[in-house]
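Note sheet for the following structure.
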Amino acid sequence: MRSAQEQLIHMVNQIGENNQQGGIESAATFTSEHMKKFWARSMKEDIINYLKSGGHGLSETSIAAIKKL
Amino acid sequence: MLEYYNPSKDLGTPAILSEILINIEIDGKSISVAEGTSVMRAASLHDINIPKLCATDSLEPFGSCRLCAVQIEGRRGYPASCTTPVAEGMKITTETEKLAKLRRNVMELYISDHPLDCLTCPANGDCELQDMAGAVGLREVRYGFSGANHLDVEKDHSNPYFSFDPSKCIVCSRCVRACEEVQGTYALTIDGRGFDSKVVAGTDQDFIDSDCVSCGACVQACPTSTLMEKSVIDQGQPEHSIVTTCAYCGVGCSFEAQMKGDQVIRMVPYKGGAANQGHSCVKGRFAFGYATHKDRIKEPMIRDSIDQPWRVVSWDEAFTFAAAKIHKIQAKHGRESVGGITSSRCTNEETYLVQKLIRSAFGNNNTDTCARVCHSPTGFGLKTTLGESAGTQTFESIRKTDCIVVIGANPTDAHPVFGSLMRRRLREGASLIVLDPRDIDLLATPHLKRAIHLQLRPGTNVAIVNALAHVIVTENLLDEDFIAKRCATAAFESWKAFISLDKNSPESTESITGVPAQKVKDAARLYANAGNGAIFYGLGVTEHSQGSTMVMGIANLALATGNLGREGVGVNPLRGQNNVQGSCDMGSFPHELPGYQHVGIKAVRDKFEAAWKVKIDHEPGLRIPNMFDAAINGTFKGLYVQGEDIAQSDPNTQHVERALRALDCLIVQDIFLNETAKFAHVLLPGATFLEKDGTFTNAERRINRVRKVMPPLAGLADWEVTMGLSKALGYEMNYDHPSEIMDEIAQLTPSFSGVSYEKLEQLGSIQWPCNDEHPLGTPTMHVTDFPIGKGNFAVTEFIPTLERSSRRLPLLLTTGRILSQYNVGAQTRRTPNMTWHDEDILEVHPHDAQERGINDGDWLGITSRAGHTVLRAKISERMQPGVVYTTFHHPGSGANVITTDNSDWATNCPEYKVTAVQVEKVTQPSRWQQEFQASDKRQKGFLNKRTRHTADNL
């Protein structure tokens, strides 16, 4: 089963994957807005820090989305 | 809306839906009634009460007892007033010497084969036969009792809740007709002819062995004591009653709690209840004994560690202890290190207070509710497409539906009273489309004329909803006018282009869903061409990794076919627990204040901050699964759980248990020592729905009153407990009655602004929105527009779940519910409902069973990537090969030990409905089950060994 960090990575990738209809940029904007609207402060901080530390496993959409947070 | 039943009077025959009025004269009185109304009902509506036995206004007229005979000018003989419809100019006489003699003779014949034990009969004081003997003036029985009779026929006590005494039966067929017309089960029949005719269950079996589902409709319909509640037989007739709302499923049935003092004798479905209209199921009708079960927690308790026995303390000591722990945690780990979970079983007012406590006294938005694990995708999906997080119709609306679509729901088990209404409409001719991996009972509805079962593979919902939409678009079955007027054009064009792609065609998706393309086409055409098509869905839609996408896909179907904004159509989520809708409405989610107002909007926060006099965090809080992850990570240390058993109901049990063990303070407020409470440091006694005032909101958005019928066993109602805890935390709340809490809700929540207890008393119930625009509430949503203006088609790309069968885990497990048990079973397991379902079992298809050498009753080990548990086998053809099924009503079953950490992409609603598993025969319980048994014994020991301490020696 996934660790808390793995779960966060999975969640952000999943949001992006489910909203690819307008292309990566659009999906990244949607994903970013979704996280802003529904994710707790600590979750957003954790995923931002994870990206800063390398972001292994994050999709292209996720990386773009996290950068917009 | 038409009121079908007069709650205070039995008018003899049902209401007729006609606007044409007919003028008649009864006993010289001029009367106008709807065309088609019976003479009996017309008379009764004007307080002319014709004697009757076989007639009751919940059933179609039958005309067998002949007691209701009348004379009609110009007509020969003595027609039965129940089966005779009124006609223009009809002149009816209800009382003449001849009629009186005729009725006495009829009664005399009945009584000649009826025990004369009125004084010792359980129906004494509530017997229509007795009443009618009095009404017709019966004074003698000339035939004697020495001839052939039925007085010594054996009684049937096999049902745990009611007895069947055939010696008291007058063969009026009311029970048989109630089983057919109201319940739709057809478990009863009249066997034999003439003198030999008798009521039999099944094929002349005991009730318990028959198809009877113990809904109680027959007991309620019986005019004598033939079918009688055992509680009345044991304790006598109740002396007063109070109308309240059932605390089981999301149907929200109204009941009369019939009482002796503060003791409930029986729960009788209330005819004036708009949701249930006098019907009930085995849970609401009979399974209320848990309220006074010996396991009830009646005293507050505390302990420093979950490895210690409980210490009984006063309420104030418990509050002080809990508050000190929370403050200590926050001082050390920060404001956001604690949170709470509101209850979908508690009232709106109680839920509102818990989230208020979290936002005010805890100072964060770490509030969530069990809707997270059931209908959170409904909130997201419907808000995105239709603009409101709620179902669109009344239940009653289905009576105008031509095509009923049921997706991932099992209404006859999980929402039985609405299931019966569905069956009634199906018998009347509506067609049925079921999308479900399992063959549900609704498909076996007697007299069902046309049904299509799309038996899809678990996890392929979005593929099939897209295929249905593809057919509607490509075959031009769209409601172009509706789309042009009511829907956003750009979103529609974008969706249309997407859904028209060949990848969404029934032929392309057939290999994914396992459903033949032709069947999908037939279903799409049936729904789109039906006239009125209504979709009803349950957790088989939401509890998937694409739960929110599927909800949007359903809304797309309704928008595309114009099946919104009038009676008979709509999108209707069937809510699991009694107040799931209400708990969502009341701001339980971490990103929304009451009324789905986002915490990020300053104007919203300003309003609540002014009323609550606190600063509200502008960032969303943690959702339940995020709380668990944070607890395991060591950043989340304190949790207040009201009326929710997350240790049993949430997925991946071992993960949940690990999270709960990591907490420094777990405060559980519940009526029993539930599975979660075994990890608690503070146990606050909860109150059942019988012990408090408040409101529940059902799946129709209907706000119903809950009325206190007995005092709280532990002294406080749940809203009072939350106030006590909040005060100890330093945030004082001052309410003297839940009506004051509702006034505050109305002040802060636009969709509730017109709701008050006073209005609820006047109207009986209110469907929100209730505001200046809709002062009497809103039975049908989206009649003229959507809260977001135009309907919003959403593109619904099918993304397969990561949970797939493999060589190691070749089967797919899906889960569901059973009629007699409710959710985690905490209530129903403490009632005689255990008669029907005393363990969770694993249903296995014969093909899969044969491959593994499995027989009925074998112990099966079920292994997923999350865990391993053991259940007994039942061979069943309800699923296709490759799919296994179980329920989750018993904690020791460990059904959620095997469910995984997958969840819906938008809401984190767990993917309960798809788990890849392997199944094999085993000889002993799983390791988790063995540990569970040991832990259960230990924790119950801590409860039994509880000690009493005063504040001084804490």
Which is farthest toward the positive dipole end of chain B among B:210, B:42, B:143, measuring Cα position about the Cα centre, with Cβ charges +1 (Lys, Arg) and -1 (Asp, Glu)?
B:210
Show the residues, 5+ positions off or on another chain, whose built amide H is closer than 5 Å to the amide H of residue B:22.
B:33, B:34, B:35
Members of B:383/B:602; B:298/B:615; B:400/B:708; B:383/B:521 lying beyond 30 Å, as alpha-carbon distances in this model show
B:298/B:615; B:400/B:708
Magnitude of the charge dipole, chain B, Cβ model with Lys/Arg +1 and Asp/Glu -1, debye to 20:
900
How fast does chain A diffuse by Stokes-Einstein, in µm²/s, taking the Kirkwood radius from C-alpha pairs at 10 °C and 1.306 mPa s?
137
When only alpha-carbon atoms are used, what values of Rg and Dmax, in angstrom, describe the protein assembly as shown?
29.5, 99
Run lengths n ≥ 4 of DSSP H only: what is the helix-derived mean residue ellipticity at 222 nm for the protein assembly as shown, with -39500 (n - 2.57) per run over all residues, to the nearest 500?
-9000 deg cm²/dmol
Less than 10 Å Cβ to Cβ from residue B:104, Lys/Arg counted +1 and Asp/Glu -1: what total charge do the surrounding residues give?
+1
How high is the relative contact order of region A:4-68, given as a whole-number percent (alpha carbon pairs under 8 Å, six or more residues apart)?
44
Chain B, relative contact order [Cα under 8 Å, separation at least 6], %
13
Put B:485, B:356, B:615 in order of accessible area, largest first, 1.4 Å probe: what do you get?
B:615, B:485, B:356
Rounded to a whole number, what is D in µm²/s for chain B from Stokes-Einstein with the Kirkwood radius over alpha-carbon pairs (10 °C, 1.306 mPa s)?
54
B:776, B:526, B:593, reordered so the largest accessible area comes first (probe 1.4 Å)
B:776, B:526, B:593
Any idea how far apart residue A:1 and residue A:56 come out in nm if each label point goes 7 Å out from Cα toward Cβ?
2.4
Of the listed pairs A:68/B:332; A:36/A:68; B:52/B:260, those with alpha carbons more than 20 Å apart are A:68/B:332; B:52/B:260
Could you please put B:350, B:920 in sequence from largest to smallest accessible area, using a 1.4 Å probe?
B:920, B:350
Tell me, what is the 1.4 Å probe accessible area of residue B:242, in Å² to the nearest 10?
40
Give me the dipole magnitude in Debye, nearest 20, for region A:4-68 about the Cα centre, with unit charges on the beta carbon: positive for Lys and Arg, negative for Asp and Glu.
280
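The values are calculated or read from the model by the stated rules, or taken from the named source; none is laboratory data. These figures come from a predicted structure and were not determined experimentally. Heads up, the Cβs are rebuilt from the backbone with ideal geometry, glycines too, and the neighbour counts pull from every protein chain shown. Quick note on the areas: whole protein, heavy atoms, side chains included, nothing else; ligands and nucleic acids left out. Shrake-Rupley method; radii C 1.70, N 1.55, O 1.52, S 1.80 Å.
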